[in-house]
Amino acid sequence: MARWEPDSRGRLARAAFALYSERGFENTTVAEIANRAGVTERTFFRHFADKREVLFGGAEQMQDALVRAVAGAPASAPPLEAVAAGLDAAGSLLPDSSVARQRQSVIAANPELRERELIKLASLSNALAGALRRRGLDEPTASLTAEVGMAVFKVAYERWIDERNARDFSALVRESLGELQSVTAVSSGLPQRAPEDSNL
């Protein structure tokens, strides 16, 4: 008789993260994940295509939330304000910070998973650039703004999963954006280099 437990997806994710941390991603099987979660392998495959998807599932929902929030920002909002709205929306779909910290540790230990994470972030950046273009930004401004936005996302995420952190992701996004704006304000105030005299 098949075993059944409520919140099977959550149980599977917690079991997988625990096993990945204990044994390593490569040495963990789907059967072991299902067994620890108290469900069948068939139940595992109802929720996840493979054991990597436990770590990367939800990426499409995050991307959709980001794009919708950028599109829904007021037309008068500056590009970085629209980006901040998108990052807030994406951040609302992140798991608990302790789970995210465990996930990041597993990914950092595996080159294949690190590559997959970079692909996911590149996809988010491309989607963000597309949303900014639809708001009227030209190229390369849209792509540059999207890359800046993803840099803010990564800095805020690293701060958020720090064990010493007590602030929510949205606050860290705003803080990182503020730091970025301070840096660019200082940079724009630097004296410009005089053009070289071609006759010298």
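Descriptive notes on the structure:
- Boolean, F25 is in a loop (DSSP other than H, G, I, E, B) and out of contact with any Gly (no Cβ under 8 Å at 6 or more places or on another chain): yes
- Of the helices (runs of 4 or more DSSP H) lying entirely inside the stretch 91-188, those containing at least 1 residues that are within 28 Å of P78 (Cα to Cα) span 111-134, 141-160, 169-188.
Conditions (1) of a type in the set (A, V, I, L, M); (2) without any contact (Cβ under 8 Å) to a residue 60 or more places away in the chain, marked per residue:
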site: E115; (1), (2): no, yes
site: K120; (1), (2): no, no
site: L124; (1), (2): yes, no
site: A129; (1), (2): yes, yes
site: P140; (1), (2): no, yes
site: L144; (1), (2): yes, yes
site: A156; (1), (2): yes, no
site: F169; (1), (2): no, no
site: V173; (1), (2): yes, no
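Here's the yes/no breakdown for (1) of a type outside the set (D, E); (2) under 19 Å from R174 (Cα atoms):
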site	(1), (2)
E53	no, no
Q63	yes, no
P79	yes, yes
A82	yes, yes
D96	no, no
A100	yes, no
L121	yes, no
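- Residues of the stretch 128-150 satisfying the condition of being buried (at least 18 other Cβ atoms within 10 Å of the Cβ) and under 14 Å from the mean Cα position of the chain (by Cα): L128, A146, V148, G149, M150
- Selection status of V54, touching a Phe, Trp or Tyr at 6+ places or on another chain (Cβ under 7 Å) and assigned to a helix (DSSP H, G or I): yes
- Within the stretch 61-82, the residues that satisfy the criterion of being part of a loop (DSSP other than H, G, I, E, B) and surrounded by 14 or more Cβ atoms within 10 Å (Cβ to Cβ) are A73, A77.
Taken together, the values in this text are just the output of simple stated rules run on the coordinates, not laboratory data. Everything numeric here is computed off the predicted structure, so don't read it as measured data. All Cβ positions, even for glycine, are placed from backbone atoms using ideal geometry, and neighbour counts span all protein chains on display.
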